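Working notes, structure below.
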Amino acid sequence: MLGTALSAVEKVGPKLVALQHEIDLAQLEFARLASQFSCGEEYEEDGSVSPVDWIRFNCHMTSTAAASSISVGDHLGRLEKSTVGVLNGALGYSHMVVLARTAEATGEEFNERDLLEK
């Protein structure tokens, strides 16, 4: 009987990994749309002071999470390898946030390849 019982890791583990990958993909799409939204003026027309403020309020997020989403979306062109990593499940969205914020902070000196190797 004990030999046939599956452990929690065997039963639940693959479900957790698959679900997190789906969440990562949804967050990546959210980031792309958040960046697109931040380029317009709809947030002002709706009475918000910034796109971060509008997303924070309407999407029920913290301002940090909203700003991080916009940052990731803004830097997708510079994070091509990381994006592929998220798409194929080799990298998590939270790593994209760190990379996008690093790209913001370092400007032209940002090197995605070097960071991914670490």
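In table form, for the structure just shown:
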item	result
Qualifying residues in region 69-91 (those that are under 27 Å from residue 53 (Cβ atoms) and not in a helix (DSSP H, G or I)) - the one most open to solvent (accessible area, probe 1.4 Å)	75
Hits in region 50-66 (condition: loosely packed, with under 12 Cβ neighbours inside 10 Å and not in a loop (DSSP other than H, G, I, E, B))	64
Unmet criterion (only one of (1) open to solvent by 90 Å² or more (accessible area, probe 1.4 Å); (2) of a type in the set (Val, Ile, Thr); (3) assigned to a helix (DSSP H, G or I)) for residue 12	(1)
Any hit, region 43-53, residues being under 13 Å from residue 97 (Cβ atoms), aliphatic (A, V, I, L, M) and free of Cβ contacts under 8 Å to residues at least 24 places away in the same chain	no
Check on residue 31, closer than 20 Å to residue 97 by Cα, hydrophobic (A, V, I, L, M, F, W, C), in contact with a Gly (Cβ under 8 Å, 6 or more places away or on another chain) and modelled with pLDDT of 95 or more	yes
Complete set of residues in region 89-118 that are among the polar types (S, T, N, Q) and within 14 Å of the chain's Cα centre (by Cα)	94, 102
Among (1) of a type outside the set (Ser, Thr, Tyr); (2) touching a helix residue (DSSP H, G or I) at 6+ places or on another chain (Cβ under 8 Å); (3) open to solvent by 30 Å² or more (accessible area, probe 1.4 Å), the one test that residue 31 misses	(3)
Flag if residue 107 is open to solvent by less than 70 Å² (accessible area, probe 1.4 Å), in contact (Cβ under 8 Å) with a residue 40 or more places away in the chain and not aliphatic (A, V, I, L, M)	no
Some residue of region 71-85 being in contact with a His (Cβ under 8 Å, 6 or more places away or on another chain) and at positive phi	no
Among (1) surrounded by 10 or more Cβ atoms within 10 Å (Cβ to Cβ); (2) at pLDDT below 95 - the single one residue 97 does not satisfy	(2)
Subset of region 34-49 that is more than 19 Å from residue 82 (Cα to Cα) and assigned to a helix (DSSP H, G or I) - its residue that is most open to solvent (accessible area, probe 1.4 Å)	45
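The values are calculated or read from the model by the stated rules, or taken from the named source; none is laboratory data. Keep in mind the model is a prediction, meaning the values are calculated, not measured. Cβ atoms come from the backbone with ideal geometry, glycine included; neighbour counts cover every protein chain shown. We work out accessible area using only protein heavy atoms, side chains counted, and drop any ligands, DNA or RNA first. Shrake-Rupley method; radii C 1.70, N 1.55, O 1.52, S 1.80 Å.
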